[in-house]
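Below is one structure, written out as structure tokens; comments come after it.
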Amino acid sequence: MMFNKLTREDFQKLESMLPGRVLDGKSINEDYYHDELGTAFGVPEVLVKVLSTEDVASVMKLAYERNIPVVVRGSGTGLVGGAVAINGGIMLDTSAMKKVIELDENNLTVTVQSGLLLMELAAYCDEHGYQYCPDPGEKSATIGGNISTNAGGMRAVKYGVTRDAVRAITAVLPTGEIMRFGSKVVKNSSGYDLKDLIIGSEGTLAVVTEATLKIIPKPEYAISILVPFSSMKDAISTVPKVIRAQVTPVAVEYMSQDVILFAEEYLGKKFPTHASDAYLLLTFDGNTREAVMHDMETIADLCLENDALDVFMIDTDERSASVWSARGAFLEAIKGSTDQMDECDVVVPRSKVADFILYTHQVAKEVGLRIPSFGHAGDGNLHIYLCRDGLEEKEWESRKDRAFKLMYDRAKEIGGLVSGEHGIGLDKRPYLLNMLGERQLELMRGIKNVFDPKGILNPGKVV
Amino acid sequence: MNILVCVKQVPGSSNVQVDEKTGLLIRPKKGNKLNPYDLYAIEASLELREKTGGAVKILTMGPPQAAEALEECLWMGCDEGFLITDRAFGGADVLATSYTISQGIRRTGSVDLIVCGKQTTDGDTAQVGAETAEHLGIPHLSNVTKILSVDKGWVTVEANQENMIVKESLRMPCLICMDSEINTPRLPSYRRKKALDGSLIHSLTLNDLEDKDSTHYGLKGSPTQVQKVFPPEKSTSRVMVEGSSEELAQKLNDLLADRKFI
């Protein structure tokens, strides 16, 4: 795909549309050249700080007319090179679009601009007695970023992922047309669901500028349990039994002692127990203490029947902080334990999680890389990290490619998929093709072509 | 070695609101919990027991439901609990509370070391520990950050005294108040919860204490008169700074320096 470079005239046009909010050259901070993981690199020709849907529409019109590529960026917390301007062009920075437009307490929705951070949305809902259910680990991501990757997070077991919580979106097509997809309605059987198609499309189909999100009255009580098992296999094999029990936990997380030790070092704070090498962390919520305790005790008993060494109760804010702060720091902690890392956000059927983690240990030995992992055991989504640990560039690339190939091949064999929540971006494209095959990718490209015939939106990503 | 930890049951939310018109506490929906500052004292005591052997007993004063706080300590690994409870103890100020606790401690058997938290999240006076020791006539030290050693009837500790860290040896029996954030308190065990019945918790009423004069306890024994309760003022003023990374760093430095934080 051949694109035009921005001319002086284009820059002036942008500047006249959005005075003082168009940056170029060295005035663009280098942070915009890469995302959180830093595996992909690209320098945007201009960075445009948009404040409204209309701003986005006017920029898109110009880009479409002039055939200039556009990459949308929220907080830049992505991990697969999705929001990186690998073809130069315009980078749309939505991070100042932070307005809460409407809280509709009768329909239980909140409508926000796409640059609002997840933590800001959570705080707003909390303040008004509500909860936005998806809970991805990166709280400084924007809601637009979450929508672009269909982010999941820890509460997916009970409440689903971002797609389950988005009722409607306002999006700008590559031509600059402003569209509203979906509505506040609960049911929808009205033709193809274009809203759901745009969710998870990683900025390749349209630019999401506003979202109407489903909220629920905030559960009054929550309690977590930390369950040590003598082995990872014992821990993970208990998960399907937990899911089968007549109790729905909010979260079911797996963590191993080695990753906990990284978090301790990173946070400079001890974890409350070192009873074992393998733990499950489960949360239950509800509106009465009795109901939540009943759920907790049902699963605690089940864990003990399945050879758990003990069950530790996390029932206050302080206890919750001591455990969940470590869980929340895993990514940064592993990052801090090495000079460079890459990640595999594979998702496999719940019944195969233990086998897959054991397989990563085998790959680590075979390839000669340290591969720590943790994951959402309740939904089969694992976060597996390949650590460079001082290897020479060439050797690192070669071992990394081999490890990825082995792991994605195994995931395919057992019915898994490339990404549970981080997306495909630039980095995971070869594995998507390998996993889904040419025909499915062709269908995806066909959809892309309908939305974006000139291919200017986030070119080179996903498909 | 016998260690006794004094604990308190407090409102479940540390951010208790006060009704501005009536001055009454708005009870949070979360119920009650063990005073978070006491958790550090329990952890330090359990770690000490692991080294020296012996027992960790816990004691609290409060209404009958305060036994829940003791149960939680047992689930964390403590050995035995004492609940000082009697209508006569209601409405106690710091003086009457510490006197009641000191009387209760005399009924818990032999004690070498009494350990308290730094303060409570509801009263926040940080005085009960020291006053209890005064009633018992034993040495005491606050803001203890580490228990270094126990040897021949002496305990050596490190304490954070505002501008310096001091190392002190106290002859036992003595009382120490542990600082906060000095360890990561262990979590209560569901396995222990299931295994224990209520037999490890003993109630102490006025009749069980040495001093049975009810005028020394509760409201009658409290010289403090509360005139008014009101919420603390909260400042929500914010300063927004803009600029490049270098400019922001400089402005932040200047702001902190102006306010004498650095």
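The values are calculated or read from the model by the stated rules, or taken from the named source; none is laboratory data. In this text, all values refer to a predicted model and were calculated from it rather than measured experimentally. Here Cβ is always computed from backbone atoms with ideal geometry, including for glycine, and neighbour counts include all displayed protein chains. Surface accessibility is based on the protein's heavy atoms, side chains included, excluding ligands, DNA and RNA. Shrake-Rupley method; radii C 1.70, N 1.55, O 1.52, S 1.80 Å.
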Can you find a residue in the range A:359-374 that is among the hydroxyl-bearing types (Ser, Thr, Tyr) and more than 29 Å from A:Asn150 (Cα to Cα)?
no
Are any residues in the range B:209-219 open to solvent by 60 Å² or more (accessible area, probe 1.4 Å), farther than 9 Å from B:Asp93 by Cβ and either in contact with a His (Cβ under 8 Å, 6 or more places away or on another chain) or in contact (Cβ under 8 Å) with a residue 40 or more places away in the chain (or both), and if so, which ones?
B:Glu210, B:His216
Does A:Leu261 count as open to solvent by 10 Å² or more (accessible area, probe 1.4 Å), at pLDDT below 95, out of contact with any Gly (no Cβ under 6 Å at 6 or more places or on another chain) and not in a strand (DSSP E or B)?
yes
Looking only at the range A:435-463, which residues are of a type outside the set (A, V, I, L, M) and buried (at least 16 other Cβ atoms within 10 Å of the Cβ)?
A:Lys448, A:Phe451, A:Asp452, A:Lys454, A:Gly455, A:Asn458, A:Pro459, A:Gly460, A:Lys461
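One line per residue, one yes/no per condition, for (1) under 22 Å from A:His376 (Cα atoms); (2) in contact with a Phe, Trp or Tyr (Cβ under 9 Å, 6 or more places away or on another chain); (3) not β-branched (Val, Ile, Thr):
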{"position": "A:Pro134", "(1), (2), (3)": "yes, yes, yes"}
{"position": "A:Glu138", "(1), (2), (3)": "yes, no, yes"}
{"position": "A:Gly145", "(1), (2), (3)": "yes, no, yes"}
{"position": "A:Ala151", "(1), (2), (3)": "yes, no, yes"}
{"position": "A:Arg155", "(1), (2), (3)": "yes, no, yes"}
{"position": "A:Ser183", "(1), (2), (3)": "no, no, yes"}
{"position": "A:Ser201", "(1), (2), (3)": "no, yes, yes"}
{"position": "A:Val242", "(1), (2), (3)": "yes, no, no"}
All positions within the range A:264-281 that are more than 12 Å from chain B (Cβ to nearest Cβ), buried (at least 17 other Cβ atoms within 10 Å of the Cβ) and in contact with a strand residue (DSSP E or B) (Cβ under 9 Å, 6 or more places away or on another chain)
A:Ser276, A:Ala278, A:Leu280
Taking the range A:57-76 and keeping residues surrounded by 24 or more Cβ atoms within 10 Å (Cβ to Cβ), closer than 24 Å to A:His422 by Cβ and not basic (Lys, Arg) leaves A:Pro69, A:Val70, A:Val71, A:Val72, A:Gly74
State all residues of the range B:101-146 that are within 26 Å of B:Ile201 (Cα to Cα), under 13 Å from the mean Cα position of the chain (by Cα) and hydroxyl-bearing (Ser, Thr, Tyr); if no residue qualifies, say none.
B:Thr120, B:Thr121, B:Thr132
Screening A:Ala321, A:Ala354 for residues that are part of a helix (DSSP H, G or I) and either touching a Cys at 6+ places or on another chain (Cβ under 7 Å) or within 14 Å of chain B (Cβ to nearest Cβ) (or both) leaves only A:Ala321
How many residues are in contact (Cβ under 8 Å) with a residue 24 or more places away in the chain and under 15 Å from B:Lys194 (Cα atoms) if we restrict to the range A:295-322?
12
Filter the range A:139-166 for residues that are surrounded by fewer than 21 Cβ atoms within 10 Å (Cβ to Cβ) and not in a helix (DSSP H, G or I) and give the result.
A:Lys139, A:Ser140, A:Gly160
Failed item in (1) farther than 30 Å from B:Trp75 by Cβ; (2) free of Cβ contacts under 8 Å to residues at least 24 places away in the same chain, with B:Ser199 passing the rest
(1)
Before we move on, is A:Lys454 over 30 Å from A:Val252 (Cα atoms) and without any contact (Cβ under 8 Å) to a residue 24 or more places away in the chain?
no
The range A:9-36 residues that are free of Cβ contacts under 8 Å to residues at least 40 places away in the same chain, paired with ones that are of a type outside the set (A, V, I, L, M) (beta carbon under 6 Å, 6 or more apart)
A:Arg21/A:Lys49; A:Val22/A:Glu15
Enumeration of residues in the range B:151-184 that are within 14 Å of another protein chain (Cβ to nearest Cβ), surrounded by 13 or more Cβ atoms within 10 Å (Cβ to Cβ) and closer than 20 Å to B:Ala126 by Cα:
B:Ser180, B:Ile182, B:Asn183
What residue, of A:Ala222, A:Ala251, A:Ala206, is within 30 Å of A:Gly460 (Cβ to Cβ) and in contact with a strand residue (DSSP E or B) (Cβ under 6 Å, 6 or more places away or on another chain)?
A:Ala206
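For B:Leu206, are the conditions met, namely being among the aliphatic types (A, V, I, L, M), open to solvent by less than 50 Å² (accessible area, probe 1.4 Å) and without any contact (Cβ under 8 Å) to a residue 60 or more places away in the chain?
Values: among the aliphatic types (A, V, I, L, M): yes; open to solvent by less than 50 Å² (accessible area, probe 1.4 Å): yes; without any contact (Cβ under 8 Å) to a residue 60 or more places away in the chain: no.
Against the criterion (among the aliphatic types (A, V, I, L, M), open to solvent by less than 50 Å² (accessible area, probe 1.4 Å) and without any contact (Cβ under 8 Å) to a residue 60 or more places away in the chain), B:Leu206 does not qualify.
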Given the conditions (1) within 14 Å of chain B (Cβ to nearest Cβ); (2) in a helix (DSSP H, G or I), every one holds for A:Glu332 apart from (1)
Where A:Phe284 falls short, out of the listed (1) modelled with pLDDT under 95; (2) under 26 Å from the mean Cα position of the chain (by Cα)
(1)
Working carefully through the options B:Val229, B:Val155, B:Val241, find the one that is closer than 30 Å to A:Arg319 by Cβ, touching a Leu at 6+ places or on another chain (Cβ under 8 Å) and at pLDDT below 95.
B:Val229
So which residues in the range A:2-24 are of a type in the set (S, T, N, Q) and assigned to a helix (DSSP H, G or I)?
A:Gln12, A:Ser16
Any chance you could count how many residues in the range A:204-253 are open to solvent by 10 Å² or more (accessible area, probe 1.4 Å), away from every other protein chain (no Cβ under 14 Å) and part of a strand (DSSP E or B)?
4
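I'd like the full set of residues that are assigned to a helix (DSSP H, G or I) and surrounded by 15 or more Cβ atoms within 10 Å (Cβ to Cβ), limited to the range A:382-410.
Hits for the range A:382-410 are A:Trp396, A:Arg399, A:Lys400, A:Arg402, A:Ala403, A:Phe404, A:Lys405, A:Leu406, A:Met407, A:Tyr408, A:Arg410.
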